[in-house]
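Participant: Please read through the structure below; I'll follow up with questions.
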Amino acid sequence: MLDAIEKRIVAATQGGLPLCPQPYAQIASQIGLSEDEVMARMRDMLARGVIRRIALAPNHYALGMTANGMSVWDVDDEKVRDLGPRIGALDFVSHCYLRPRGEGWPYNLFAMIHGHDRAEVETKRAQIAALLGEACRESDILYSTRILKKTGLRLRKD
């Protein structure tokens, strides 16, 4: 449950943080709070799971990165928790996460790779394969065919 102040913070930030040197100060000024209170409330909402994360969501297509592929990897369960963060730290991977395998789906590690063309993405995918080494049994890549609408936390209008 959100209190009235938290609802004001979410409403003020649901379109994204302002692109300025002090975005939290600007939000605070806009809703009549101190910068410290806005930041403390947002930290609390993060800790409670109301806000999952605060992150940049770039439009890769606008940046010229028109080949975007979700690489999927079948990585040894004993090694995946060590290797996953190493893959996620690569500068060409925007997000990397562990998922359970499903029937007919052997992959447990996912990493989104961005590039200017598929050849660049495949080169980057080969770098991941080299890093995973023998811990990886199988892999594939699913290329994006369109941009999905990216949105953050929204308040329902009742």
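Participant: Evaluate the following for Gly104: is it at pLDDT below 95 and at positive phi?
Facilitator: For Gly104, the condition - at pLDDT below 95 and at positive phi - is met.
Participant: State whether one or more residues within the stretch 83-99 are more than 20 Å from Ala55 (Cβ to Cβ), open to solvent by 60 Å² or more (accessible area, probe 1.4 Å) and either of a type outside the set (A, V, I, L, M) or not in a helix (DSSP H, G or I) (or both).
Facilitator: no
Participant: May I ask you to list the residues in the stretch 100-118 that are surrounded by fewer than 15 Cβ atoms within 10 Å (Cβ to Cβ) and touching a residue at least 40 places away in the same chain (Cβ under 8 Å)?
Facilitator: Hits for the stretch 100-118 are His116, Asp117.
Participant: Just need a number here: residues in the stretch 24-49 that are on the phi > 0 side of the Ramachandran plot and more than 25 Å from the chain's Cα centre (by Cα).
Facilitator: 1
Participant: Okay, moving on. Mind checking whether some residue in the stretch 52-61 is part of a loop (DSSP other than H, G, I, E, B), at negative phi and at pLDDT 90 or above?
Facilitator: There is no residue in the stretch 52-61 that is part of a loop (DSSP other than H, G, I, E, B), at negative phi and at pLDDT 90 or above.
Participant: Name the pairs: first residue in the stretch 13-24 and in a loop (DSSP other than H, G, I, E, B), second residue of a type outside the set (Gly, Ala, Ser), Cβ to Cβ under 6 Å, at least 6 apart or on different chains?
Facilitator: Correct list of pairs: Gln14/Leu153; Gln14/Arg154; Leu17/Pro23; Pro18/Gln26; Cys20/Gln26.
Let's see how each residue does on (1) modelled with pLDDT under 95; (2) polar (S, T, N, Q); (3) in contact with a Gly (Cβ under 9 Å, 6 or more places away or on another chain):
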| position | (1), (2), (3) |
| --- | --- |
| Lys7 | yes, no, no |
| Gly16 | yes, no, yes |
| Ala25 | no, no, no |
| Ala28 | no, no, no |
| Ile31 | no, no, no |
| Glu35 | no, no, no |
| Val38 | no, no, no |
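The values are calculated or read from the model by the stated rules, or taken from the named source; none is laboratory data. None of these values were measured; they are calculated from a predicted model. No Cβ is skipped: glycine too gets one built from the backbone with ideal geometry, and neighbour counts run over all protein chains shown. Heavy atoms of the whole protein, side chains included, go into the accessibility calculation; ligands, DNA and RNA do not. Shrake-Rupley method; radii C 1.70, N 1.55, O 1.52, S 1.80 Å.
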